[in-house]
1. Within 15 Å, Cβ to Cβ, of VAL121, how many net charges do the neighbouring residues add up to if Lys/Arg are +1 and Asp/Glu are -1?
2. Please sort 83-94, 128-139, 109-120 by packing, taking for each peptide the average over its residues of neighbouring beta carbons within 10 angstrom, highest first.
3. Report, by chain and number, residues whose modeled amide H sits under 5 Å from the one on THR126, excluding near sequence neighbours (fewer than 5 apart, same chain).
Amino acid sequence: MLAVALAAALLSTTVADAQASGIDLANGETLQAQQARVQKEFAAGGEYAEIGPEQQRVALELFRRMGRLVDADGRAVALAPERKVELFNLQEELNTILQQAAEDSRLVCRRERHVGSNMPVNTCATVAERRRLREGGQEMFRSIRPAQPINDQAR
């Protein structure tokens, strides 16, 4: 009995956490409230801080298109089935963008030893920052040209 109660509590927490990070018009929250929450998370340090300007523009356009479909109160309860399908598709497209931004904004910390030191230190960066550092290092390495051999006949 205790195991069933514990499993039910864990499942409800997991479902609530999953819904909190995306858009879900079936949860009773209005579209306007969800849009305000997402736009707040676009700010530095927010869940969607790593979203690019182009993706931000697309997300806001999807919100605008969803706003035209929902009722005046921002809910999707009394929509015709065709409009519900269209709204669901827009919601899923938006959630895909937001999920990628949330993954890129995730902070990852590692214990690393810096060159010349045996003392490990914590180094924290978002997934997107680590990717930019790695790609920048690879680009710098590619841009270095090998030394040209000296031509003895030029003397």
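1. +2
2. Ranked from most to least packed, the peptides come out as 83-94, 128-139, 109-120.
3. The list, which skips near neighbours in sequence, is VAL108.
Bear in mind that the values in this text are calculations on the coordinates, not laboratory data. The structure displayed is predicted, hence computed values, not measured ones. Every residue, glycine among them, receives a Cβ derived from its backbone with ideal geometry; neighbour counts consider all protein chains shown.
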